[in-house]
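Novice: Sharing a structure here in structure tokens format.
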Amino acid sequence: MKGKLTLAQIRVILLLAAILLIVLTYFLIFQKNMERAADLDSQTNKEQQRISYLTGLQSKADDLDIYTSLYTGQIDPFIQSFPVKLTQQQSVYLIYNMMVESGITVESVVPGNVTPFYYKGQVLDSASAQNQAQVNVDGQKEEETLSEITVVSMDQMIGSKATYTVNMAGETKDIFKALDWIRDNKEKMSVGNVNLQFDSSSGQLKGSIGITFYCMLGNGVPYKDPDMSAFTYGMDKIFGEFSK
């Protein structure tokens with residue numbers, strides 16, 4: 001009969017409908033899910049890389065803990081070796097001992113100003129940083145000021161220094177003895193500017209050197225006055241009036 005589909009035609013239509021359904025399912029559902037799966041796989045790889053990175057950091061952190069623990073025993077004695085404050089009495093006494101031990105002649109001593117070199121965890125490597133730290137120290141409230149017996153962590157300590165200009169004269173070997181004495185002394189000091197010239201009339205080196213003294217406020221090391229029993233007051237009048 002006209003208008004009726006044959007069984008073969010029906011089968012073809014059903015087959016085409018099935019194919020269309022499969023195609024639609026692929027593009028509308030399967031392909032989207034595949035794209036999402038690819039995105040998830042990419043994100044998973046990124047997270048896995050992040051996990052690996054963090055795991056590596058943890059390993060480095062463990063190594064750093066071990067490294068730090070090995071050197072803590074050296075850091076603490078180093079900090080404890082600084083005096084808690086700088087005094088002219090102590091500095092001049094050390095210069096006097098240097099003169100006695102080396103055999104040089106000290107003609108005059110010019111004390112320098114005390115300036116910070118370490119401020120609450122930061123090493124001050126420029127004049128502007130030192131000036132700012134000094135402003136911070138001067139502006140501290142009374143209750144914020146560290147006392148000489150206060151013990152704080154390194155990120156709260158304040159290190160200061162003062163450079164004394166020492167005018168001297170001596171034979172070359174004695175000058176070297178003085179420099180070695182400064183280097184090897186248990187007190188924290190260093191040699192700054194050296195301005196020495198040979199004096200042909202005396203056969204000696206004459207001039208000046210800078211000796212820098214250091215202290216660390218916050219290490220809790222009690223200050224002890226130097227033993228002045230062997231000190232010759234006013235020797236050759238090079239120190240002028242001496243007072244504690």
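The values are calculated or read from the model by the stated rules, or taken from the named source; none is laboratory data. None of these values were measured; they are calculated from a predicted model. No Cβ is skipped: glycine too gets one built from the backbone with ideal geometry, and neighbour counts run over all protein chains shown. Surface accessibility is based on the protein's heavy atoms, side chains included, excluding ligands, DNA and RNA. Shrake-Rupley method; radii C 1.70, N 1.55, O 1.52, S 1.80 Å.
Novice: Could you list all residues from the stretch 179-199 that are touching a residue at least 40 places away in the same chain (Cβ under 8 Å), hydrophobic (A, V, I, L, M, F, W, C) and out of contact with any Asp or Glu (no Cβ under 8 Å at 6 or more places or on another chain)?
Specialist: Passing the criteria: 182, 189.
Novice: Can you tell me which residue in the stretch 182-195 is most open to solvent (accessible area, probe 1.4 Å), limited to those that are under 16 Å from residue 102 (Cα atoms) and of a type in the set (A, V, I, L, M, F, W, C)?
Specialist: By that ranking, first place goes to 191.
Novice: On to the next question. Restricting attention to the stretch 154-177, which residues are among the small types (Gly, Ala, Ser) and at pLDDT below 85? Quick ask: steps written out before the conclusion?
Specialist: Of the stretch 154-177, the ones among the small types (Gly, Ala, Ser) are 159-160, 162, 169-170.
Those that are among the small types (Gly, Ala, Ser) and at pLDDT below 85: none in the stretch 154-177.
Novice: While we're looking at this one, here's another question. Quick one: which residue in 212, 165 is outside any helix (DSSP H, G or I) and open to solvent by 40 Å² or more (accessible area, probe 1.4 Å)?
Specialist: Exactly one of 212, 165 is outside any helix (DSSP H, G or I) and open to solvent by 40 Å² or more (accessible area, probe 1.4 Å), namely 165.
Novice: While we're here: Please go through the stretch 76-110 and give me each residue that is over 21 Å from residue 183 (Cβ atoms) and either of a type in the set (D, E, K, R) or open to solvent by 40 Å² or more (accessible area, probe 1.4 Å) (or both), ordered by number.
Specialist: Hits for the stretch 76-110 are 76, 85, 88, 107, 110.
Novice: Further question: Would you point out the residue of the stretch 111-138, among those that are charged (D, E, K, R) and under 25 Å from residue 223 (Cα atoms), that is most open to solvent (accessible area, probe 1.4 Å)?
Specialist: 138
Novice: From 107, 101, 148, grab the single residue that is at pLDDT 85 or above and outside any helix (DSSP H, G or I).
Specialist: Values: 101 fails: outside any helix (DSSP H, G or I); 148 fails: at pLDDT 85 or above.
So the residue among 107, 101, 148 that is at pLDDT 85 or above and outside any helix (DSSP H, G or I) is 107.
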